[in-house]
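Worksheet: one structure, shown below.
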Amino acid sequence: MQLLFHPTVFDNLKVAIENQIYDYDNLDGLLLVTDRSDLLDLALMSREFLLSFRLTGSEKVTSQIVLSSTVKDLGDEILENPDTHPGCQLLLRFYLETADVSVQCPAIGQVLTSIWGPEIQPVQSLVFVYGQAENTYRNTVELQFNRQITEDQMEDIPELLQAVLKSAEQLEAI
């Protein structure tokens, strides 16, 4: 008797997100996928999926969706451990150049808070590259979801991705 492979929560969410993003790229022309990574960390036995893209015609903002799962989540799911709720972590990143930190950083925070709500606080990390134009910083903006996502949120993916696109569009205008 052959055992059937059952995809993990991570696999199912990854495929759903990836399919929708590639539909926005190939079918709708809303965006251009710029990078994709599907990683297995053998030291930690964890998984991470990253998908980066820019809105069509955009040059300023790169968006990235990061889906990750720990060995504990994978183990609890595969072993069907009782009283566990395995899922994945979701992180959104936006990469952009920032010239006027005192004006643009608060504006970025306001835009993202208006879209995602006050419970998801954007974290902005600024890096100055020596030799680059003065007063220009690389800004990495992260939105970390404070709870795990599971297949129960599968139907929310289109709405989530629409909010990501709206975020990128509004960040592009700053």
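Excluding the sites themselves, what is the longest stretch of the chain that contains no GluC sites (Glu not before Pro) in a DSSP loop with at most 11 other C-beta atoms within 10 Å? In short, 1-58. Overall, the ratio between the Cα radius of gyration of the stretch 42-165 and 2.2 N^0.38 Å, rounded to two decimals, is 1.26.
For the chain, the membrane-span-like helix rule (DSSP H, alpha carbon extent of at least 18 Å along the helix axis, mean Kyte-Doolittle at least 0.0) picks out 9-22, 101-116, 157-172; this says nothing about an actual membrane. Amide H contacts under 5 Å for Phe145: Leu90, Leu92, restricted to partners 5 or more places along the chain or on a different chain, H placed in the peptide plane at 1.01 Å from N. Among residues other than Phe128 with Cβ under 14 Å from its Cβ, the summed charge is -2 (Lys and Arg +1, Asp and Glu -1). Calculated [222 nm] ellipticity per residue, helices only, for the chain: -10000 deg cm²/dmol; basis is -39500 (n - 2.57) per DSSP H run with n ≥ 4, divided by all residues, nearest 500. Of the trypsin sites (Lys or Arg not before Pro) in the stretch 101-174, the ones in a loop by DSSP (not H, G, I, E or B) with at most 14 other beta carbons within 10 Å are Arg147.
Values in this text are rule-based calculations from the coordinates and carry no lab data. Because the structure is a prediction, the values reported are computed rather than measured. Here Cβ is always computed from backbone atoms with ideal geometry, including for glycine, and neighbour counts include all displayed protein chains.
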